[in-house]
Amino acid sequence: MKKKILICGATGFIGRNLIENLSKNKNYIIYATFNKKNKFKLKNIKWIKGDLRNDTFSKRVTKNIDIIIQAAATTTGSKDVVMQPFVHVTDNAVMNAYLFRNAYINKVKHVIFFSCTTMYKSSKKPIKENNFNPLKDIDPKYFGVATTKVYNENMCDFFSRLGNTKYTAIRHSNIYGPYDKYDLERSHVFGATITKVMTAKKEVVVWGKGTEERDLLHIDDLVNFVKLVIQKQKKKFQLFNCGVGYSISINNLVKKIIKISKKKLKIKYDLS
């Protein structure tokens, strides 16, 4: 029997890459939610328009579903994560609280939630999932976003203990690839850096000192990781890190992209 998969936030960066990949599998029937962004043409997709912050919609859309992949989120860019962290908090907490509860009520078999590695402080060595204490180890700069992610991870664990629904939380590192955002207001480090280099005439402005490092994960690798989770997870709740296992500094990333662009640009640091 074919599995019914609901991809929430299917028009976003992660969601679109998931839907284009999973829709090729003849063993899946794909349902896809969208809200503000328009849906796109793709065969064998059952589109559902609605707001996951609405409990009635959330309850309806999760009925008769085998697997939910939660890629929907209220997002902005890396600048807002630091300057206006409240933007990410309330909507995402409400959305996921409804979704996890309704998945439990409707007896969904498996829920996959995308957390992220924002909560981790810089480290020379990879950090294991169980070597993190959210009460003291969260990077203060990303406290709001990270705390919300940890809360949602805990809700996955909580609901997994109540019934037969499996829950997965994936702490993925910084992703890049097709359908990423490239406008400076909403993009993350990779997309923002490409935009800065390609639009610069004499110099590229880097926020901070450029010494911060990022583990950059291609979106295809994250999609493949999700497919493995669907196939192999046995426990009721599991928390996974997902990254390439090594990092690159913002300085080196900027230099690499400048080199590839073949433009002669200077680097200016904005410490404000």
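FYI, it's all coordinate maths here, none of it is from the lab. Everything numeric in this text was worked out from a predicted model, so none of it was measured. Quick reminder, even Gly has a Cβ in these numbers, built from the backbone with ideal geometry, and neighbours come from all protein chains shown.
Tabulated values for the structure
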item	result
Order by protection proxy (mean Cβ within 10 Å, highest first), peptides 31-40, 225-234	31-40, 225-234
Computed over region 178-226: relative contact order in percent, which uses C-alpha pairs under 8 Å that are six or more apart	23
Cα-Cα over 26 Å, subset of K2/K39; K128/K236; K37/K63; K39/K234	K39/K234
Listed residue (V89, G15, I127) projecting farthest to the positive dipole end of region 1-131, Cβ model	G15
Qualifying aspartates and glutamates (Cα of each under 16 Å from Cα of K235; at least 8 residues distant if same chain)	E129, E153, D157
Rg to Rh quotient for region 134-230, alpha carbon positions, Kirkwood Rh	1.06
For I248, distant residues with modelled amide H under 5 Å away	R214, D215, L216
Normalised contact order of region 1-157, rounded percent, pairs of Cα under 8 Å and 6 or more residues apart	21
Check: region 133-217 dipole with +1 on Lys, Arg Cβ and -1 on Asp, Glu Cβ, in debye	80
Cα gyration tensor shape of region 118-180, rounded if a/c is under 1.5, else prolate or oblate by comparing a/b with b/c	oblate
For the chain, alpha-carbon Rg relative to the globular expectation (2.2 N^0.38 Å, N residues)	1.03
Rounded to the nearest 20 debye, dipole of the chain from Cβ charges on Lys, Arg, Asp, Glu	880
Long-range HN-HN contacts of C242 with modeled amide H, under 5 Å	R171, H172, S173
Candidate aspartates and glutamates for bridging to K24, where Cα separation is under 19 Å - those fewer than 8 sequence places away on the same chain excluded	D66, D220, D221
Gyration tensor verdict on region 83-154 (Cα atoms; rounded if a/c is under 1.5, prolate if a/b is larger than b/c, oblate otherwise)	oblate
Options N44, V244, S58, ranked by Cα towards positive dipole end of the chain, top entry (Cβ charges)	N44
Cα-centred dipole magnitude for region 1-137, charges only on beta-carbon of K, R (+1) and D, E (-1), debye, nearest 20	600
Mean separation of Cα contacts under 8 Å (6+ apart) over length of the chain, as relative contact order %	17
Between region 237-266 and region 31-76, the alpha-carbon center distance in angstrom	31
